[in-house]
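A quick write-up on the structure given underneath.
The values are calculated or read from the model by the stated rules, or taken from the named source; none is laboratory data. Since this is a predicted model, take the numbers as computed values, not measurements. Here the Cβ positions follow ideal geometry from the backbone for every residue, glycine too, while neighbour counts run over all protein chains shown. For the accessible areas, the whole protein counts, side chains as well, though only heavy atoms, and no ligand, DNA or RNA atoms are used. Shrake-Rupley method; radii C 1.70, N 1.55, O 1.52, S 1.80 Å.
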Amino acid sequence: MMVAVTGIGVISPHGDDPDRMFDALMRGESAVNAVFPDLARPAAAATVSFDESRWFTKLQLPGVDRVSQLAVAAASLALDNAGAIGAAPERVGVYVGCGMGGAGALEAAYASGLRGGRVPPLTVPAFMPNAPAAHVAMRHHVHGPVLTYSVACASSAVALAEAARALRRGEIDVAIAGGAEALIVPGVVSAWQALQTLASFAPDEAARACKPFATDRSGFVLGEGAAFLVLESAARARRRGARVHATLAGSGLGCDATHLTKPDSAGQQRALRAALADAGLAAHEVGYCNAHGTATAIGDVVECDALRAVWGDAVDRLWVSSTKGLHGHLLGAAGALEAVVTILALREQRLPPNAHCESPDSRCGVRLVLRTQQAAERLDAAISSSFAFGGSNAVLVFRRA
C-alpha cells in the first residue's frame with residue numbers, strides 16, 4: 001500500500017502556516033533568540049508565538065499543559081488541510097511522539113511545592129506524556145488506537161513510521177500522526193546546559209548559535225512546537241479527491257545498543273538501509289537528506305560517516321542539510337517538524353539551507369546545502385533522519401506525489 005500525506009499542520013517557531021514556514025527556512029531566517037537572562041549561563045531557544053484562546057476556552061484550559069495545547073492546534077490544522085476525511089471514528093488512529101510531556105506543569109508544581117504553596121490538583125494529567133495524544137483524540141472524537149511514543153529525539157519520527165505501518169496492516173483507514181514538545185522552562189534548559197550539549201554564543205549572536213556540520217559548532221539550541229500529518233492510503237485519497245503532498249514510502253527503525261548518549265555509525269547505517277529497503281529504493285535514488293544534525297562535536301561526524309557508508313560513491317549526489325540551526329531542536333517533535341520540511345522540499349523542489357555553516361567540517365565530507373534558495377529539479381525521493389538518546393534511530397523516506 002502507498003501511504004499518502006494528505007494533511008499538514010504546524011505550530012512552529014516560524015509560525016502556523018507550513019508554506020510561510022518553509023519560505024522562511026529557505027531564506028535562512030532564524031527563529032532562535034536568547035531566553036531566561038537570569039540563568040547562570042546564557043541560553044537560547046526557538047519559541048512559539050501561540051494564542052491558546054484560539055483553540056481553548058478558559059474553562060477548558062485547567063490541566064492542559066502547553067504541550068497538549070500545541071498538539072491540538074497542529075493536529076486540527078492538519079485535519080483542516082486534509083479536508084473531509086470521511087472515516088468512521090473507530091477507523092481513525094492518533095500516533096504522537098512526545099519526549100518530555102508537560103514540562104511547564106511539572107516545573108510549576110515543583111516551584112510551588114518547594115515554597116510550601118499549593119500544587120495544582122491536575123498536575124499529573126497535565127504532565128503525563130500521553131496527554132497530547134489524548135487531547136487530540138478527545139478534540140476530534142477518535143475512537144481507534146491513540147498511542148504515544150516517547151523515544152527522545154526520535155519520538156515523532158517513530159510515531160509517523162508506526163502510523164504508516166498500521167495503515168498498511170489495515171488496522172485503520174486514517175492516521176493523525178506527529179509530535180509535540182514544550183520544554184522551554186528554566187529547569188529543563190538548565191538540565192540540558194548541565195549535559196553540555198547546548199550551543200554557546202556571544203552576546204547578540206543567539207540567532208546563529210547552532211551551526212550544524214561547521215568547524216566552530218558547539219551544540220544545539222532547544223525549540224518548541226508541534227507538527228502533524230494526516231496519512232491514508234493513496235487509493236483512498238484519490239477516491240475522495242484529496243490533495244497529496246507526498247507519499248511516506250518507507251521507514252527504518254533500530255537501536256545502537258551501545259551507549260545511552262553517544263551515537264553509533266553502525267546503528268544509524270542499519271536504520272538507513274532498513275528505510276531504503278522498506279521504500280524499495282536504492283541509495284542513489286534519494287537526492288536529499290534532512291539530517292538529524294544537532295551540531296554536536298561527535299554527532300555530526302558520526303551521522304556523516306553513516307551516510308557515506310550507505311550511499312558510497314553516490315554520496316556526492318546527495319544534498320544534506322540540518323534545519324535545526326533555524327528552528328531549534330524540538331526533541332520529541334523534531335522528527336515530525338523535519339518530516340514536514342522534507343515533504344515541502346519534495347513538493348516545492350527546493351532545498352532548505354544548512355544555516356550558519358561558514359566553514360564546513362572536512363571530517364563530515366557530505367554535500368551540504370550551503371546557500372539559500374537552492375533549487376532541486378527532479379527531486380523524487382528524500383529522507384528525514386532522527387537519531388536519539390538511548391540509541392534509538394528512525395529514518396523516514398518520502399517520495400514526490
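One table, with the values for the structure above:
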quantity: Cα centroid separation - segment 289-326 against segment 48-69, whole Å; calculated: 37
quantity: Over the chain, relative contact order from alpha-carbon pairs under 8 Å, at least 6 apart, %; calculated: 24
quantity: Pairwise FRET efficiency - His143 versus Ser362, Cβ, R0 = 56 Å, nearest 0.05; calculated: 0.55
quantity: Förster-model FRET efficiency, 30 Å R0, Leu39 and Asp216, C-beta, rounded to 0.05; calculated: 0.85
quantity: Cα radius of gyration and Dmax for the chain (Å); calculated: 19.7, 63
quantity: Pairwise label distance in nanometres, Thr258 with Glu171, each label 7 Å out on the Cα-Cβ vector; calculated: 3.1
quantity: Global form of segment 112-248, assessed from the alpha-carbon gyration tensor, a/c cut-off 1.5; calculated: oblate
quantity: Pairwise FRET efficiency - Arg54 versus Glu107, Cβ, R0 = 25 Å, nearest 0.05; calculated: 0.55
quantity: Paramagnetic reach from Arg317 (point 7 Å along Cα→Cβ, amide N under 19 Å) across segment 262-282; calculated: 273, 276-277, 279-282
quantity: Surrounding net charge for Ser322, when Lys and Arg each add one and Asp and Glu each subtract one, Cβ distance under 12 Å; calculated: 0
quantity: Dipole axis of the chain (+1 Lys, Arg; -1 Asp, Glu on Cβ), positive-most option in Val151, Ala339, Met2; calculated: Met2
quantity: Positive-end extreme of charge dipole, segment 16-100 - chosen from Ala73, Leu25, Gly83 (charges on Cβ); calculated: Ala73
quantity: Segment 255-322 shape via C-alpha gyration tensor axes, a/c threshold 1.5; calculated: oblate
quantity: Heavy-atom SASA rank of Leu260, Leu106, Leu351, Leu147 (probe 1.4 Å, accessible area, largest first); calculated: Leu260, Leu147, Leu106, Leu351
quantity: Exposure rank, largest accessible area first [Arg115, Arg208, Arg273; 1.4 Å]; calculated: Arg115, Arg273, Arg208
quantity: No Cys partner within the rule (Cβ under 4.7 Å), the chain; calculated: Cys98, Cys153, Cys210, Cys255, Cys289, Cys357
quantity: Label-point separation in nm, Glu205 to Leu61, each point 7 Å along Cα→Cβ; calculated: 3.9
quantity: Gain in span if fully extended, Arg371 to Arg238, counting 0.36 nm per residue against the direct Cα distance; calculated: 44.2 nm
quantity: Alpha carbon centroid spacing (whole Å) that separates segment 231-285 from segment 342-363; calculated: 19
quantity: Selection of GluC sites (Glu not before Pro), segment 292-401, meeting DSSP coil and at most 12 other Cβ within 10 Å; calculated: Glu358, Glu377
quantity: Signed unit charges on C-beta, dipole axis of segment 158-316, positive-most listed residue Gly225, Ser251, Pro186; calculated: Ser251
